[in-house]
Amino acid sequence: MYDTLAQILGISEETKRPFWEVVREEDCNETGLTPEESGRELLRMYRVMKESDAAYDPALRSESGMVGGEGAKLAAYLEEAGADALLGSFSGTVCRRALQMAASNACMRRIVAAPTAGSCGVLPAILISMEERYGYAEEDIVKALYTAGAIGGVIAARASLSGAAGGCQAEVGSAAAMAAGAAVQLRGGSGEQILHAAAIALKNLLGLACDPVAGLVEVPCVKRNVIGAMDALSAADMALAGITSVIPADEVIDAMGRIGRELPENIRETGEGGLAATPTGVAMRDRLFTSEKAE
């Protein structure tokens, strides 16, 4: 995989090939797959995302009881509110899907880690909703997944995708950057706009703590997927409008890595600080642990 997003963009501009195609070539070089085989693997992942979305069960609750049904509640509200909903139809759909996918993860359903289980709702919510709204072919979605994969791959190489290593900025922040780049790809944006979208999305979530209540990927993780998805949409539209990130994408990634290393350990997925350390968070943890011991 390439070390920088700028390197991919440079090859794309020099060879006059699309950003996603440069990424696919490198993927084939690494894996030994043909372009057709590589594309089929990404398509398989996307279809799993769609299957997971379709299999959402609003009646399910996580073992802790902290998560479940949020997606159905938002869907019911949006239908009742109609044009009066603040989010609007498309944004509301994206938010609903992000909630559903993240809740399904907490309920131990099948999901695609994109790039992690804790951030699994962001990219699918964007891609599935855009396919539904604009009628994109699956081959278009595959191209967007190459773009998203490149962004995630460079982040993994230069910083981290792990909440334990870098806080939630490394999980939901990275997912937002990936989804923003993918959205720009789908809307016909340039390689340069893809990088600006990824940079803007990641910048917006720099410093985000990973502070799961009771150490479970539930609270506040599920709802943060919504924030990641909305961040991705706004970053994509800004980039498509010609708004640029003053700080280049690769430098934003490096900054995220440094911030992650500087975050105190108690807000890096330990369940010891942040929201997990609030009176309510501690009470929920104690209740769950006491219940487990009683069993």
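Readers should treat all values here as calculations from the given coordinates under stated rules, not as data from a laboratory. Note that the structure is a prediction, hence the values are computed from the model and not measured. Cβ: placed from backbone, ideal geometry, glycine included. Neighbour counts: every protein chain shown.
Full extension from Asp84 to Thr278: what is 0.36 nm times the residue separation minus their Cα-Cα distance, to one decimal in nm?
Using 0.36 nm per residue and subtracting the Cα-Cα distance, I get 66.4 nm.
Using alpha-carbon pairs under 8 Å, 6+ residues apart, how would you state the relative contact order of the chain in percent?
Once divided by the residue count of the chain, the mean separation gives 19 percent.
Which is farthest toward the positive dipole end of the chain among Gly191, Ala83, Gly228, measuring Cα position about the Cα centre, with Cβ charges +1 (Lys, Arg) and -1 (Asp, Glu)?
Ala83
Provide Asp250, Asp3, Asp57 in ascending order of the number of other Cβ atoms located within 10 Å of each residue's Cβ, fewest first.
Details: Asp250 20, Asp3 12, Asp57 15.
If I rank by nearby Cβ atoms, fewest first, I get Asp3, Asp57, Asp250.
Using Cβ contacts closer than 10 Å as the measure, can you line up Met284, Met256, Met1 from fewest to most?
Ordered from fewest to most neighbouring Cβ atoms within 10 Å, Met284, Met256, Met1 come out as Met1, Met284, Met256.
Just to check I understand the Karplus step: with θ = phi - 60° and J = 6.51 cos²θ - 1.76 cosθ + 1.60, what whole-Hz values come out for the stretch 221-237, glycine and proline as x?
4, 4, 6, 5, 5, 5, 4, x, 5, 5, 4, 4, 4, 5, 5, 5, 5
Going by how many other Cβ atoms sit within 10 Å of their own, how do Cys95, Cys221 line up, fewest first?
Lowest to highest Cβ neighbour count: Cys95, Cys221.
Over 23 Å between C-alpha atoms is what I'm after, so list which of Lys73/Lys143; Lys50/Lys143; Lys16/Lys143 land there.
From Lys73/Lys143; Lys50/Lys143; Lys16/Lys143, over 23 Å: Lys73/Lys143.
Need one word for the stretch 184-267: rounded, prolate or oblate. Basis is the Cα gyration tensor (sqrt eigenvalues a ≥ b ≥ c); a/c below 1.5 gives rounded, then a/b vs b/c decides.
Details: a/c = 3.50, a/b = 1.64, b/c = 2.13.
The shape class here is oblate.
Please flag any cysteine in the chain that has no other cysteine's Cβ under 4.7 angstrom from its own Cβ.
Lacking a cysteine Cβ partner under 4.7 Å: Cys28, Cys95, Cys107, Cys120, Cys221.
Please state, as a whole number in µm²/s, the translational diffusion coefficient that the Stokes-Einstein equation yields for the stretch 5-294 at 20 °C and 1.002 mPa s, with Rh defined as the Kirkwood radius across alpha carbon pairs.
Rounded, D is 112 µm²/s.
Mean residue ellipticity at 222 nm from the helices of the chain, using -39,500 (n - 2.57) per DSSP H segment of n ≥ 4 over the full residue count, to the nearest 500 deg cm²/dmol?
-21000 deg cm²/dmol
Treating the beta-carbon of each Lys and Arg as +1 and of each Asp and Glu as -1, no other charges, what is the dipole magnitude of the stretch 187-295 about its Cα centre, to the nearest 20 debye?
Numbers: 10 positive and 15 negative charges, 41 e Å.
The dipole of the stretch 187-295 has a size of about 200 debye.
Rounded to whole Hz and in sequence order, give me ³J(HN,Hα) for the stretch 168-178 from the Karplus expression 6.51 cos²θ - 1.76 cosθ + 1.60, θ = phi - 60°, writing x for Gly and Pro.
Values, residue by residue: 5, 4, 7, 9, 5, x, 5, 4, 5, 5, 4 Hz.
Could you work out how far the C-alpha centroid of the stretch 120-185 sits from that of the stretch 54-85, in angstrom?
Value for the Cα centre distance between the two parts: 23 Å.
Compute the length gained on full extension between Glu132 and Glu21: take 0.36 nm times their separation in residues and subtract their Cα-Cα distance, giving the result in nm to one decimal.
Length gained between Glu132 and Glu21: 37.6 nm.
Determine ³J(HN,Hα), in whole Hz, for all residues of the stretch 154-166 in sequence, where each value follows from phi through the Karplus function 6.51 cos²θ - 1.76 cosθ + 1.60 and θ = phi - 60°; x replaces Gly and Pro.
5, 4, 4, 6, 9, 9, 6, 10, 9, x, 5, 8, x
Let me check against my output: what whole-number percent is the relative contact order of the stretch 61-171, with C-alpha pairs under 8 Å and at least 6 apart?
Once normalised by length, the contact order is 20 percent.
Only Lys, Arg, Asp and Glu count, each charged at its Cβ (+1, +1, -1, -1), so figure out the dipole size of the chain about its Cα centre, rounded to 20 debye.
That gives a dipole near 500 debye.
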